[in-house]
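What follows is a set of notes on a single structure, which appears directly below.
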């Protein structure tokens, strides 16, 4: 009979690290305006990539709205597609 091994400690520290990076608290009403450059830049990393749900702490619907707003702001040249140092 096989014995279950103890959970890896690395997974615990990873989940704690991700939990501390949450960008939105649960009590906040989430609305993303494509014209609000400062708010959208909080959800983009230094390379210009959109930060995933597991780090932002958004629901699937909220993440979809965020992604749509960021893509529309990029299309209108409000925020860049790629950071200057990566061009």
Checklist entry - Checking residue 18 against (1) part of a loop (DSSP other than H, G, I, E, B); (2) surrounded by 11 or more Cβ atoms within 10 Å (Cβ to Cβ); (3) at pLDDT below 90, which single condition isn't satisfied? => result (1)
Checklist entry - Do we find that residue 69 is in a helix (DSSP H, G or I) and either in contact (Cβ under 8 Å) with a residue 60 or more places away in the chain or surrounded by 16 or more Cβ atoms within 10 Å (Cβ to Cβ) (or both) in this structure? => result yes
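The values are calculated or read from the model by the stated rules, or taken from the named source; none is laboratory data. Everything quoted here is computed from the prediction, not taken from an experiment. Cβ: placed from backbone, ideal geometry, glycine included. Neighbour counts: every protein chain shown.
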